[in-house]
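The values are calculated or read from the model by the stated rules, or taken from the named source; none is laboratory data. Keep in mind it's a predicted model, so treat the numbers as computed, not measured. Reconstructed Cβ throughout: ideal geometry from the backbone, glycine too, with neighbour counts over all protein chains shown. Areas reflect the complete protein model, heavy atoms only, side chains present, ligands, DNA and RNA absent. Shrake-Rupley method; radii C 1.70, N 1.55, O 1.52, S 1.80 Å.
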Amino acid sequence: MGCDRGRCIVVRGAADLDTFARPATRDEARTRLGLPLDVPIVCFSGLDVLIDLPLAVHTFEIVRRQLPSARLLLVGPTLKLAQPMVTDPATIGAIMALGAVPYKRLPEVLPAADVFLMPFQNKIANVGRWPNKIGDFMSVGRPVVSNPVGEVRWLFERYVLGELAEETAESMAAATLRLLQDPERAAALGQNARMIAEEEFGVAHQVALL
């Protein structure tokens with residue numbers, strides 16, 4: 001665009017550590033939502049950009065074949081929206097869809113998850129944006145399964161936050177299962193994600209870049 005590269009700086013999305021200063025524990029969040037304490041739960045969260053929701057639903061269906069007790073928590077989408085994407089009717093009973101949740105309530109809800117699904121397929125809308133919800137996921141301290149597209153590739157190549165998978169339900173399900181079946185590794189990744197949020201992606205740190 002004619003700007004000298006030396007005058008350009010990239011400020012990426014931040015982690016809202018004020019809102020997520022003290023997120024609920026896993027059990028507190030599940031108790032509040034009426035979810036079982038002893039089952040694997042994966043979560044997809046999104047309010048406005050839902051182009052990748054079908055991939056998350058199909059990923060969960062594969063996960064559930066190997067872990068029948070698994071649940072899918074949808075934060076933002078409604079069950080009415082997700083239901084046409086389901087291929088196995090039995091999956092419907094394993095989905096809890098909360099619909100739109102006020103942002104200030106996310107620290108009470110998101111910690112219910114063991115793993116976050118963040119499909120990020122190679123589409124114009126994804127290549128050209130930063131997924132702001134990754135800041136929420138890091139702040140909660142849970143691992144993320146996503147795809148190596150756009151800024152997500154940049155982020156995961158520099159920080160250990162979870163796993164990148166191919167843009168298929170099979171690949172994403174395999175990555176999700178590896179995390180669910182290795183809770184110690186998943187916990188370590190989550191702790192690292194929270195540390196990175198505090199040290200690299202807090203609003204104060206991002207402002208300091210300016």
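Odds and ends about this structure:
- Anisotropy class of the stretch 93-210 from Cα gyration tensor, a/c 1.5 cut: rounded
- With the cut-off at under 17 Å, measuring from each backbone N in the stretch 83-110 to a point 7 Å along the Cα-to-Cβ line of Lys123 picks out 83-86.
- Anisotropy class of the chain from Cα gyration tensor, a/c 1.5 cut: prolate
- Solvent-accessible area assigned to carbon and sulfur over the chain amounts to 53 percent, based on a 1.4 Å probe.
- When you restrict to C-alpha pairs under 8 Å that are six or more residues apart and normalise by the size of the chain, the relative contact order lands at 26 percent.
- Average accessible area per residue (Å²) across the chain - probe 1.4 Å, nucleic acids and ligands excluded: 50
- Label point distance in nm, Ser69-Lys104, each placed 7 Å from Cα along Cα→Cβ: 3.7
- Cut-off 18 Å (backbone N to label point 7 Å along Cα→Cβ of Arg185), residues of the stretch 99-122: 114-118
- R0 of 35 Å, Cβ-Cβ distance Arg12-Leu33: FRET efficiency to nearest 0.05: 0.70
- Within the chain, helix-based [θ] at 222 nm, where runs of 4 or more DSSP H residues each add -39,500 (n - 2.57), nearest 500: -11500 deg cm²/dmol
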